[in-house]
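The values are calculated or read from the model by the stated rules, or taken from the named source; none is laboratory data. Being a predicted model, the structure only gives us computed values, none of them experimental. Here Cβ is always computed from backbone atoms with ideal geometry, including for glycine, and neighbour counts include all displayed protein chains.
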Amino acid sequence: MPESRNILIGVCGGIAAYKAVDISRELQRNGATVRTIMTRSAQQFIQPLTFASLTGHKVFTDLWESPTEAAIIEHIAQAQWADALLIAPATANTIAKLAHGLADDFLSATCLATKAPVVLAPAMNVNMLHHAATQTNLDTLRQRGHTIVDPDSGYLACGMSGDGRLAEIDIIVRTTLDALHPRRDLADETILITAGGTREPIDPVRFLGNRSSGKMGHALAAAAQRRGARVILITAAANLPTPPHCERISVNTALEMHSAVLDYLPQATIVIKAAAVADFRVHNIAPSKLHRDAALTLHLEPTEDIVRSVVDHRRPGTLVIAFAAEMGLDIDRAREKLQRKGADVVVLNDISQPHLGFDASHNAAIFLTEHTAIHLAESTKEHIAAQILDHTIALRSASRLQLA
């Protein structure tokens, strides 16, 4: 067990504030020493005495409270004490403060002063979560290296349904403990990841595409980089930011992605093909915009089979992980694809449910090899990404043992 597990929990004002009690308890069960910061709004939902009784430590609520010792500036002292700062629930207001560097209360001032890893678990109304301002603020914090535990989807306290529920407690606790002592189990790997849905032009204005958001591939890239890998991200998701410290190559079409993958393939030890690549392109792209009064017949031709090209050109020992999006979890069909493509793994995604897979924050999958089928239960794409990497490492270790 690590020598130091000092965790500050920042509790913000939302109905999910009561769940911070269970988070504190679980962190303590895992050997952490927990102290609590509460915003003024959080105290409208739960009393500081609850956390003081549970943790055995004073709860910090006021930036201007008189220090216990004359030499102590309390928010600086707590910022230096913490090995990790967890904010759960993190409200839209606090997220906005942190993104803009404000320090007008104990929590925001401590966050600005600490050099410890920061983990945020947002919880709020679905419309507030998906507002462009909130999404931009979350992207800003990710770019600064903060870890975001994406909220779950379901029935919300406001009576609406959708994204915004605080993530499961075990996921928040595990993410926080990982932030204390980051895993470096991919430090010897160069991982090439593809993401997003390609666009095949019909004319200079229109294109053939799909609903892939690129979130799964970008989540894999961020998770792999945090675990020490060098990550080469070849992405068609123009609207998603580059995960911190990843090498990004932006593409649009299947041909561009195919060329970029083959260019970087000699450097890769693991290839994860999470992109939704178009199966067909237009044979004759119109040189100018087509008018709607003209009869339109598209002559389509197959695009490049990127997975097959990777398998044919990879260096010995390079693992190839393909993705298969299917309407339902048809293992037999996915395993046939695994054999036909020659990949080591197929991650089978069920896209028949509207809240999973394409253009969603959650996913469910099966990690499929020639002899095994490991079910990855519905969760955030960040959690699914972590599980995929866990099983990839296990597969890598098993293959090395066979070669030894």
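Scanning for something crowded, with 20+ Cβ neighbours inside 10 Å, in contact (Cβ under 8 Å) with a residue 12 or more places away in the chain and within 22 Å of Ser379 (Cβ to Cβ), does the range 93-102 turn up at least one residue?
Checked against the condition, which is being crowded, with 20+ Cβ neighbours inside 10 Å, in contact (Cβ under 8 Å) with a residue 12 or more places away in the chain and within 22 Å of Ser379 (Cβ to Cβ), the range 93-102 yields at least one hit.
Can you run down the residue pairs with Cβ atoms below 9 Å, 6 or more apart or on separate chains, where the first is in the range 366-385 and in the same structural domain as Ala334 (by TED's automatic domain parsing) and closer than 15 Å to Asp330 by Cα and the partner is at pLDDT 90 or above and of a type in the set (Asp, Glu)?
Close Cβ pairs satisfying both conditions: Thr369/Asp344; Glu370/Asp344.
Being farther than 16 Å from Ser309 by Cβ, of a type outside the set (S, T, N, Q) and not in a loop (DSSP other than H, G, I, E, B) narrows it down to one residue among Ala221, Ala237, Ala260; which is it?
Step by step, each of Ala221, Ala237, Ala260 is checked, and only Ala221 is farther than 16 Å from Ser309 by Cβ, of a type outside the set (S, T, N, Q) and not in a loop (DSSP other than H, G, I, E, B).
In the range 388-404, what residues are under 16 Å from Ala229 (Cβ atoms) and either in contact with an Asp or Glu (Cβ under 9 Å, 6 or more places away or on another chain) or at pLDDT 90 or above (or both)?
Residues satisfying the conditions are Ile388, Leu389, Asp390, His391, Thr392, Ile393, Ala394, Leu395, Arg396.
I need the full set of residues from the range 193-208 which are crowded, with 17+ Cβ neighbours inside 10 Å and either touching a Leu at 6+ places or on another chain (Cβ under 6 Å) or within 19 Å of Ser397 (Cα to Cα) (or both), in order please.
Listed by number, the residues that qualify are Ile193, Glu200.
Would you say Ala133 is hydrophobic (A, V, I, L, M, F, W, C), surrounded by fewer than 14 Cβ atoms within 10 Å (Cβ to Cβ) and at pLDDT 95 or above?
Answer is yes for this residue.
Which one is modelled with the highest pLDDT, of the residues in the range 315-335 that are within 27 Å of the chain's Cα centre (by Cα) and among the charged types (D, E, K, R)?
Arg335
In the range 240-257, which residue that is of a type in the set (Ser, Thr, Tyr) and in a loop (DSSP other than H, G, I, E, B) is surrounded by the most Cβ atoms within 10 Å (Cβ to Cβ)?
Thr253
Could you identify the single residue in Ala254, Ala295, Ala222 that is among the small types (Gly, Ala, Ser), in the same structural domain as Gln339 (by TED's automatic domain parsing) and within 26 Å of His383 (Cα to Cα)?
Just one listed residue meets the conditions, Ala222.
Based on what the data block shows, is Asp139 at pLDDT below 95, within 24 Å of Ser108 (Cβ to Cβ), outside the structural domain of Ala254 (by TED's automatic domain parsing) and not polar (S, T, N, Q)?
Yes, satisfied.
Quick check, is Pro151 within 14 Å of the chain's Cα centre (by Cα) and closer than 26 Å to Asn6 by Cα?
yes
Quick one: how many residues across the range 153-185 are in contact with a Lys or Arg (Cβ under 7 Å, 6 or more places away or on another chain), among the β-branched types (Val, Ile, Thr) and either on the phi > 0 side of the Ramachandran plot or crowded, with 19+ Cβ neighbours inside 10 Å (or both)?
0
Does Ile171 satisfy the condition of being closer than 30 Å to Ser397 by Cα and at pLDDT 90 or above? Step through it out loud before you land on a result.
Numbers: closer than 30 Å to Ser397 by Cα: yes; at pLDDT 90 or above: no.
No, not satisfied.
Would you confirm whether or not the range 220-228 contains a residue that is in contact (Cβ under 8 Å) with a residue 60 or more places away in the chain and more than 16 Å from the chain's Cα centre (by Cα)?
Within the range 220-228 (the criterion being in contact (Cβ under 8 Å) with a residue 60 or more places away in the chain and more than 16 Å from the chain's Cα centre (by Cα)), the answer is no, since none of the residues qualifies.
Quick one: which helices (runs of 4 or more DSSP H) lie wholly within the range 116-189 and hold at least 2 residues that are over 18 Å from Asp390 (Cα atoms) and touching a residue at least 40 places away in the same chain (Cβ under 8 Å)?
By residue number, 132-143, 169-180.
For Ala52, work out the one condition from (1) over 18 Å from Leu98 (Cβ atoms); (2) touching a helix residue (DSSP H, G or I) at 6+ places or on another chain (Cβ under 8 Å) it doesn't fulfil.
The single condition Ala52 does not satisfy is (2).
From the list Ala365, Ala322, Ala385, which one is within 20 Å of Ala224 (Cα to Cα), in contact with a Lys or Arg (Cβ under 6 Å, 6 or more places away or on another chain) and surrounded by 14 or more Cβ atoms within 10 Å (Cβ to Cβ)?
Residue meeting the stated conditions: Ala322.
Give me a count of the residues in the range 239-273 that are touching a Gly at 6+ places or on another chain (Cβ under 6 Å) and either free of Cβ contacts under 8 Å to residues at least 40 places away in the same chain or more than 16 Å from Ser212 (Cβ to Cβ) (or both).
So the count comes out to 1.
Could you tell me whether Thr50 is surrounded by fewer than 23 Cβ atoms within 10 Å (Cβ to Cβ) and modelled with pLDDT of 95 or more?
Against the criterion (surrounded by fewer than 23 Cβ atoms within 10 Å (Cβ to Cβ) and modelled with pLDDT of 95 or more), Thr50 qualifies.
Tell me which residues, restricted to the range 6-25, are in contact with a helix residue (DSSP H, G or I) (Cβ under 9 Å, 6 or more places away or on another chain) and outside any strand (DSSP E or B).
Cys12, Gly13, Gly14, Ala17, Tyr18, Lys19, Ala20, Val21, Asp22, Ile23, Ser24, Arg25
Looking at the range 26-43, is at least one residue in a helix (DSSP H, G or I), basic (Lys, Arg) and at pLDDT below 95?
Checking the range 26-43: at least one residue is in a helix (DSSP H, G or I), basic (Lys, Arg) and at pLDDT below 95.
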